[in-house]
Structures are given as C-alpha cells and as structure tokens.
C-alpha cells in the first residue's frame, strides 16, 4: 500500500475517527449503533478555513507556540531529572516546583503537531521533533519528575497525547519509543485505579493520595496509544482507569454529576465514548449520552456549564444563584475543548444533529470570544456571566487553559464536516473549503457565509465529473422556517429543525446550494427557579447587554421589548432595543472586548 495512503489513515487516528477507518488491533470489534458505523472524520487539512475569526484564533495560537523558548519549555523536566537547565523559568503554574510543573507541555506538543497537519509548515514540524528529542533526554528510570507532583496522571496523560500526535500528525518516528519510555517511568506513580477528584484535600494529601489528580481521564489517550502501537499494555491501562462506578451510574440514568469537578468529568465522558468505540460495550455509550443530557440540562444559554468549576444539584436553582457573584461561570478553553471532543464522538456515533447544535453554541458564545494568550503567559480562563462582567486574564500565568486553547483552535479544522458512504455531513457553517473522496472521486465544497451574523449560507460543489452522492446539512433545532435552494430552485428535501437535511442528486461542477437559517429572536431562562432571568438569543448567538459606565443599575425591560431588538445596521455586530425607559445595546460574546456586559437580564411585567 502506498505510504501516502498509510499516512492519511494514520492521520485519522488522533482525530477520534480511527475506529471508523482503520483496522483495529487484535481482539477489537467495530461497534455500531442500529447497524450504522460511526461517521468518518476528515483529516486536519481537509477543511481549509477562509479568513475569519476561527482562522485568526488558530493562527494566533500557532504563532504563540512556534515562538515559545524551547529551553524554557524543557526546564521543569530537566531540573527534576537533575540535568543542566538553561533558559528562564516561565512562571505561573508551569515552573519546576509550582502548582502543575510542565503540565501543558504535552498539550502544546499536540497543538504544534496539529498545526503542522493543517499547514504543512516545515519549521513547525522541526520544532515538534526538537521538543520530542529534548524531552526524551529528560526521561530517567527513577521517574523523579513524578515525585512530589500533584498531577502525575494528568501530566502523563497530556504527554501521551502529545507523543501520539507527534507520531501521527508530525510523522516523528521517535515518538513511539518515547511513549513507551514515558509510560514505563510514569506508571509506578499512578494510582491503582481511577480515583475521585478530592477538592477538600488537606495539605500534603494532594501528593500522597492523588487528591487533585484526574486519573479518570486517562483511558481516551491510552486507547489511542494502543491503536497506534498495537501494545496491549496501553489497552490494559485504559481498562484499568475506566471510571466504571461513575459510568455505571450515568448509564442507569442516575445523575452522578452534582458536586463533581466539571471540566475533567466532561473530559472523562470522552473516555467513555472511546471505550465504546474500542471495546463495543454499550454501557459506555449510554454513560456518554446520558451524561451529556444531564450536562445540557444545567447549561447556561451560552452552552457553558459548571459555575465555580463544579456541577450543580438539579432543581436547586444553582445556575441562577451563581449569577449574583460567581464570576467563574465557565472554565472556557478547557471546558470548550472537552465539550467539542464529546460532541464530536456522539455526533459521529449517533448522527444526531443536536450534538452539532451544542458544539456550535459553545463555539460562538464561549471559546471564540476568549482573549488571546499573551507571550508572558497571561491566559483567558473563565467566562463571566454575572450582572456586571468583563473579560480578563487568570491570576496565574500558564494555567491549564493555556494548553487547551491552542488545541481547540486547531480542532476547528476537524469539527466542521464528516463523511460516510453516502456523502458529506456539514456540521458547522464556517467559511472555507472542504475536500474529500467519494469512492474514488475527488470532491470539494466551498462554503461562503458570514453566519452566524447573517442567515444565508452559500455552498458550491466542485467535482471533476458528475457524481451522485448526498450532502447532509444540519438544520439547528431553533431554525424554524429554514429554506434551501439548489441551483436557484427550491429543494425538495425536508428541512426539519434538529436534524440533518439530506440532498441527494447527481452533482456537477459549480452546482450551488443556498441555505437560509432565520436568526429569529427568542428568550431562554437561566433555570426553572428563575423564570424571569433570561438571555436573548438570535440564532445560535447569545446577545449580551452592554452596560453603561458607573454603578447605576440597568433598566429592566419587558419580554416584548427585548424581543423587539433590531440589528444596528448591515454588517454591524450590535443590536439595539429602543424602549421607553432606555436604549439598550447588545452584542455577541465574540464581539465584546473590554466593555462591561451582562449575559442575563431580569424582565419585568409588561
């Protein structure tokens, strides 16, 4: 088989699509849902983003990582190994004996590998290779890096992901050897099984009892390492750290989320999804699906969840109460990264469009509005949904969100479209060019749009010769009245909100699809206990109220007044309400910079 084909197949590995497209290791079985294989995920270079906010965020993060000092990145590993360590301390969480020494190194290695897969940029690949070799020199039998370390499982997990990506996406042949060496020295410092996150640990317990560690997130990357290497030890480690007590409760429909650390347990649900794809055990899919439902039921209108980094008790009114003074409303880059992974898995497995709706909501209302990471390590961490909120940076440099923001920005390229034997599934309507093979035929789809700031999405098919296949278009659940034209004529395909509309025909070069998703206004209460505390949405966008300078309270509006909001003008990302008592301006999160804003409003009776 040609190396180019092998390379393309291997590239699918880290994308989460390997079980749908690669021969599995011995003993594994391809699972299916109602006899349908999971959707295939495209490679990183198969959706090329056009100029816009998604591409800009990806480029910012690529440039940040490319310019990081390599000696500074390696310093915690070298010092803990007793080696000479040139370079400067990076500060914040990253330092040698700080809160989480070197914790984001593996994530940055992953992100750089993904950016190479997107761009083919030779200096990026060269940096990945240098970092792998420099890291390899710090691995020593005593495993001193993991001694007196709060997060041995967390850091090992990110290193595994980084080394897998370095091999699969940056084609570094040495990464597999370093993966084996890393596992050998880290394993003695891991707990015997998945350990609960203990937020009430006493001093010292975080080192001796894995109190702060997140060992329950290990299986996903262990399954990937098994698929890459065929080494059954990785499969055994994956099974060892499956959080079966947690998953079994979720699978039974018992809400095991309240009080748990939010980001890491959503990340953990990706391990459940990967366990289903690797082992074929229905319990793990049930856990992932039910867990998502329980998270969705306690999400803000933005799609964010977990105020103060923890899930709330259902029916407690905790979301509404958090708006009073809890500025840590959503752990944005980390939470969004975990949310994207989980919804990608569930969308591929079930073909249920609501997972795409959820991904879209999180994209436009949270992570795409994150402030860029500064070169000195100041990073955007929390979205704030309190009544007088601003965007800002975390108090410590180089927190965990400085690792996940570069990764999710790279993963926009693999979140937009999927394939199966029938054709292409368009999930995110982002401007760019999608390329894929339908059978033996090369096909592409250009997407032109200013969505979600505009309702119209224009797509153009390119094929070398006429080809018959289906283009599946996600129709969001809120998109009542959506319309579709093919080459100017109204399409026969039913456009059911909350589903994929299937357009099957013989496609010719230049065929056009024109989809319109009406961005109608609607209100959403924060929870059942606070019905008059609402967010205003236009399509997938939450329109946040811009606050005037000074301490004066905002004038309350009626529901009717809020729903009368009008766009300030063509191409302007601002809406206005001209009420009797006040003129109110509203903007989406991605269009807010340093201004004060309020995500939710209290409405008064008419």
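The values are calculated or read from the model by the stated rules, or taken from the named source; none is laboratory data. Being a predicted model, the structure only gives us computed values, none of them experimental. When we count neighbours, we look across all protein chains shown, and the Cβ atoms used for this are built from the backbone with ideal geometry, even at glycine.
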When restricted to 184, 166, the only residue buried (at least 23 other Cβ atoms within 10 Å of the Cβ) and either more than 28 Å from the chain's Cα centre (by Cα) or farther than 22 Å from residue 99 by Cβ (or both) is 166
Residue 193 passes all but one of the listed conditions (1) out of contact with any helix residue (DSSP H, G or I) (no Cβ under 7 Å at 6 or more places or on another chain); (2) part of a loop (DSSP other than H, G, I, E, B); (3) modelled with pLDDT of 95 or more; the exception is number (1)
In segment 29-43, anything at positive phi and modelled with pLDDT of 60 or more is listed as 35
Scanning segment 515-543 residue by residue, the ones that are without any contact (Cβ under 8 Å) to a residue 24 or more places away in the chain and closer than 23 Å to residue 482 by Cα total 0
Any chance segment 544-552 includes a residue that's under 22 Å from residue 480 (Cα atoms) and either out of contact with any strand residue (DSSP E or B) (no Cβ under 9 Å at 6 or more places or on another chain) or touching a residue at least 12 places away in the same chain (Cβ under 8 Å) (or both)?
no
Listed by range, helices (runs of 4 or more DSSP H) wholly within segment 121-187 having at least 3 residues that are within 18 Å of residue 219 (Cα to Cα) are 152-168, 175-186
Inset, instruction - Please tell me if residue 504 is modelled with pLDDT of 95 or more, surrounded by fewer than 19 Cβ atoms within 10 Å (Cβ to Cβ) and part of a strand (DSSP E or B). - result: yes
Expected single match for in contact (Cβ under 8 Å) with a residue 60 or more places away in the chain, farther than 30 Å from residue 599 by Cβ and in contact with a strand residue (DSSP E or B) (Cβ under 7 Å, 6 or more places away or on another chain) among 485, 512, 504 is 504
The correct count of residues that are buried (at least 18 other Cβ atoms within 10 Å of the Cβ) and not in a strand (DSSP E or B) in segment 522-546 is 4
Is it true that some residue in segment 201-212 is assigned to a helix (DSSP H, G or I) and within 21 Å of residue 114 (Cα to Cα)?
no
Any residue that is crowded, with 23+ Cβ neighbours inside 10 Å, under 20 Å from the mean Cα position of the chain (by Cα), in contact (Cβ under 8 Å) with a residue 12 or more places away in the chain and not in a helix (DSSP H, G or I) - is there at least one of those in segment 250-259? yes
Inspect segment 89-102 for any residue being within 23 Å of residue 341 (Cβ to Cβ), in the same structural domain as residue 229 (by TED's automatic domain parsing), in a helix (DSSP H, G or I) and in contact (Cβ under 8 Å) with a residue 60 or more places away in the chain and give the result as yes or no. yes
Of (1) more than 30 Å from residue 470 (Cα to Cα); (2) more than 20 Å from the chain's Cα centre (by Cα), residue 422 fails just (1)
Taking segment 230-246 and keeping only residues that are touching a helix residue (DSSP H, G or I) at 6+ places or on another chain (Cβ under 6 Å) and not in a loop (DSSP other than H, G, I, E, B), one is left with 234, 235, 237, 238
Q) Going by the structure shown, is residue 111 at pLDDT 95 or above, under 30 Å from residue 430 (Cβ atoms) and out of contact with any helix residue (DSSP H, G or I) (no Cβ under 8 Å at 6 or more places or on another chain)? A) no
With respect to residue 433, is the statement that it is within 30 Å of residue 67 (Cβ to Cβ) and in contact with a strand residue (DSSP E or B) (Cβ under 9 Å, 6 or more places away or on another chain) true? yes
Residue set 519, 495; condition over 30 Å from residue 318 (Cα atoms), in a loop (DSSP other than H, G, I, E, B) and under 30 Å from the mean Cα position of the chain (by Cα); output residue 495
Is it the case, given these coordinates, that residue 460 is part of a strand (DSSP E or B) and either free of Cβ contacts under 8 Å to residues at least 40 places away in the same chain or surrounded by fewer than 18 Cβ atoms within 10 Å (Cβ to Cβ) (or both)?
yes
* Test for residue 490: is it outside the structural domain of residue 573 (by TED's automatic domain parsing) and closer than 26 Å to residue 543 by Cβ -> no
Could you check, for segment 320-331, whether at least one of its residues is crowded, with 24+ Cβ neighbours inside 10 Å, assigned to a helix (DSSP H, G or I) and modelled with pLDDT of 95 or more?
no
Note: among 262, 194, just one is over 26 Å from residue 135 (Cα atoms), outside the structural domain of residue 77 (by TED's automatic domain parsing) and under 25 Å from the mean Cα position of the chain (by Cα), namely 262
Of the residues that make up segment 375-397, is at least one part of a helix (DSSP H, G or I), within 27 Å of residue 427 (Cα to Cα), in contact with a strand residue (DSSP E or B) (Cβ under 6 Å, 6 or more places away or on another chain) and at pLDDT 95 or above? no
Among 452, 497, 476, the single one that is closer than 22 Å to residue 519 by Cβ and out of contact with any strand residue (DSSP E or B) (no Cβ under 9 Å at 6 or more places or on another chain) is 476
Exception for residue 51 within (1) farther than 17 Å from residue 133 by Cα; (2) part of a loop (DSSP other than H, G, I, E, B); (3) in the same structural domain as residue 141 (by TED's automatic domain parsing) falls at (3)
